[in-house]
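To keep things clear, I will list the structure first and then write my remarks on it.
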Amino acid sequence: MSNSAVFPPSREFVRNAHVQGMDAYLDLYHRAEQDPEKFWADIASQEIYWFEKWSKVLDWQPPFSKWFVGGKTNVSYNCVDRHCLTHRKNKVAILWEGEPGDQRFITYQELLRLVSRFASVLQSRGYKAGDRAVIYMPMVPELPIAMLACARLGIAHSVVFGGFSGEALKARIQDLGAAIVITADGGFRRGKKVKLKPAVDEALVDCPDVRDVIVYRRTCSEIAMKEGRDHWWHVLDEGASEDCPAVPLDSEHPLYVLYTSGTTGKPKGILHSTGGYLTQTTATMKWVFDLHDSDTYWCSADIGWVTGHSYIVYGPLSAGATTVMYEGALDYPNFDRWWRIIEKYRVNIFYTSPTAIRSLIRQGEHWPDAHDLSSLRLLGSVGEPINPAAWEWYHRVIGKGRCPIVDTWWQTETGSIMIAPMPGAVPLKPGSGTLPMPGIIADIVDLKGIPVGDDHEGFLIIRKPWPSMIRTIWGDPDRYHEQYWGKLPGIYFTGDAARRDADGYYWVLGRVDDVMNVSGHRLSTMEVESALVHHPAVAEAAVVGKPHEITGQAVCCFVTLKKGEWDHEALGKELRQWVAHEIGNFARPEEIRFSDALPKTRSGKIMRRLLREIVTSNTVSGDVTTLEDLSVVTKLAAQHDED
Ligand code: PRX
């Protein structure tokens with residue numbers, strides 16, 4: 001990729017920005033580098049309300065960090081209550097549009113009422129700080145309301161993306177030891193009612209510890225309700241109280257666990273805690289999205305992923321924004337649905353994924369051109385590297401050449417944005433996340449931890465702890481240590497390959513481990529493999545990500561079969577469906593290739609590297625990313641494999 005195209009911010013953008021010009025960015029960066037504890041303490045005091053101040057900013061016993069030790073705060077209070085004491089009381093907090101076109105405009109005052117009512121329902125059923133709740137809902141306001149109600153009482157929540165199957169839901173409920181599931185009858189998707197509750201029923205057959213299921217009525221679909229266990233949200237709401245104050249919680253109190261794919265078949269529960277997470281998500285809202293009080297901000301992600309947690313719910317609400325939420329598909333009823341929403345609500349800041357951009361490019365410019373997108377002033381990208389063609393289209397067709405694009409690199413584990421431009425300060429280079437946020441000490445190193453120097457590819461690492469970092473893997477501190485801090489002792493290993501150019505700009509190339517990135521969603525090869533080998537016909541399976549023009553990567557499976565007569569075509573279909581049932585529809589393989597044997601090392605390890613090369617060199621299309629980048633990732637992945 002060429003490093004030559006540079007887009008400095010316009011004078012007008014700089015004039016109104018929170019961080020104005022490169023010197024202002026460098027000043028923040030250097031202050032944070034010189035005295036990180038003072039830097040973060042100042043931000044935590046300015047941005048967050050504390051019931052009690054901390055006694056120590058950071059307690060770092062590698063790999064375990066505690067931030068704002070002894071401080072007491074509450075995420076729900078910061079996202080809701082405190083705004084009701086200001087001019088924001090009647091400001092729209094959540095601006096929601098359902099797929100059928102229904103709308104809700106929930107002000108901060110109304111949000112306080114709704115969150116308090118639901119928290120009082122949870123409280124009256126005996127739930128309290130230390131308990132765990134699983135939330136499995138469509139994109140309706142009651143999803144963030146449920147999250148905020150849990151946070152209000154100190155109940156750690158785990159939101160499971162609605163696209164996961166009952167099997168995947170079960171594994172998460174069991175791992176978390178959740179006592180309550182909050183769900184809905186279903187949601188709307190491409191004009192159809194998609195049921196959710198049956199997957200909960202399927203999961204709960206093997207989850208005896210779940211005492212209550214609360215069901216929000218969205219679609220009025222026919223669903224089964226189990227006497228004694230299942231309750232309608234609206235029925236419980238009848239007896240709810242509006243007086244349910246936020247509980248002052250320790251800064252390190254668990255806020256949520258979000259499951260993500262690792263390099264084994266078992267998903268990892270990434271634990272985030274309270275004070276540090278809130279401080280950094282709030283700060284990055286201002287730095288990266290240059291959020292102003294008058295902005296209407298829209299992140300098109302699903303709240304089931306970390307992007308939605310940090311940048312639809314917690315970051316924007318803590319910063320007092322109007323955050324837009326849309327329930328449905330981007331192509332329903334037509335390919336201009338998103339552009340209609342931007343025009344209708346005069347959206348100023350829009351944050352989405354390269355996969356979505358690529359799928360919209362395919363439909364042609366006439367869809368966005370038919371709408372007035374002049375309210376936009378800033379665009380964002382997240383989840384995967386953005387290729388030059390997608391960047392150019394996003395910039396020209398959506399941003400009309402006026403809007404900076406913030407390409408934000410981060411991970412479920414990092415909690416908030418780590419590498420991204422401050423749009424009023426840092427000149428953009430298409431395809432680069434540009435420079436690290438203040439307080440983030442990144443580098444690119446080889447497997448011994450030695451910096452590779454400018455313009456060389458290596459492993460992206462972070463040297464120092466940061467407030468919104470993962471605290472542990474739920475129930476598995478050893479895995480946490482080994483996966484993130486054990487490869488290079490005392491250094492956080494991101495699992496990504498990257499290079500840094502002579503201007504210090506970071507170019508993230510892709511994963512070096514067995515994690516695929518499909519439509520910006522992380523999926524482990526082992527998770528799909530273990531689903532496949534559960535099928536009675538399958539002897540062995542090896543799964544690799546294959547370059548895909550729209551989704552970045554697609555799931556490609558190599559399968560050997562047990563002895564017998566098999567109809568490959570029918571079995572291929574069945575296996576694709578099988579994976580969708582075991583994990584979720586989004587994991588459905590693009591391709592199943594049957595083979596007599598899989599390539600293995602002498603010690604019997606499947607050589608995924610060869611398979612990756614087969615699928616890569618077979619199909620690579622220059623538009624997705626460059627061949628050079630892919631070969632680098634393959635090479636680094638091989639080193640990592642052999643380590
Ligand atoms: O490989 C990187 C890629 O997504 C991974 C993190 O995935 P997840 O935890 O699901 O979080 C996605 C949303 C934050 C990273 O290890 N990734 C994320 N953002 C970018 C990216 N790759 C390149 N550029 C990005 N902006």
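Quick note: the coordinates plus some simple rules give every number you see, no bench work behind them. All figures in this text were calculated on a predicted structure; none of them were measured in a lab. Here the Cβ is made from the backbone with ideal geometry for all residues, glycine too, and neighbour counts use every protein chain on show.
Order the peptides 266-279, 537-550, 296-309 from the highest to the lowest mean number of other Cβ atoms within 10 Å of their residues.
Sorting 266-279, 537-550, 296-309 by mean packing, highest first, produces 266-279, 296-309, 537-550.
For the chain, compute Rg over Rh where Rg is the Cα radius of gyration and Rh is the Kirkwood radius from the inverse mean 1/r over Cα pairs.
Working: Rg = 23.6 Å, Rh = 25.1 Å.
Rg/Rh for the chain comes to 0.94.
Once you wrap a convex hull around the alpha carbon atoms of region 112-318, what is its projected area averaged over all directions, in nm²?
The Cα convex hull of region 112-318, projected and averaged over all directions, gives 12.4 nm².
Give me the base-10 log of I(q)/I(0) for region 216-329 at each q in 0.11, 0.16 Å⁻¹, Debye formula, one uniform scatterer per Cα, rounded to two decimals.
Reported log10 I(q)/I(0), two decimals: -0.57, -1.08.
Among the lysines, select those whose C-alpha is under 22 Å from the C-alpha of K400, and discard any that sit fewer than 8 residues away in the same chain.
The qualifying lysines are K344, K429.
Under the rule of -39500 (n - 2.57) per DSSP H run of 4 or more residues, summed and divided by the residues of the chain, what mean residue ellipticity at 222 nm is obtained, to the nearest 500 deg cm²/dmol?
-8500 deg cm²/dmol
Which value, in nm² and rounded to one decimal, describes the direction-averaged projected area of the C-alpha convex hull of region 332-407?
Answer in nm², one decimal: 4.5.
In 5 Å bins starting at 0, how do the alpha-carbon pair distances of region 370-508 split up by percent?
In order of increasing distance, the bins hold 2, 10, 18, 19, 18, 13, 9, 6, 4, 1, 0 percent.
Could you tell me the center-to-center distance, by alpha carbons, between region 225-244 and region 422-489 in angstrom?
Using only Cα atoms to place each centre, the spacing works out to 44 Å.
What nm distance separates the two modelled labels at R602 and H234, each placed 7 Å from Cα along Cα→Cβ?
7.0 nm
For the chain, what relative contact order do you get, as a whole percent, if you take Cα pairs closer than 8 Å and at least 6 residues apart?
14 percent
Looking at this model, which pairs from K91/K192; K128/K195; K66/K266; K562/K600; K226/K266 are more than 22 angstrom apart at the alpha-carbon?
Over 22 Å apart, Cα to Cα: K91/K192; K128/K195; K66/K266; K226/K266.
Going Cα to Cα from K546, which lysines come in below 18 Å? Please leave out same-chain ones fewer than 8 positions away.
Correct list for K546: K635.
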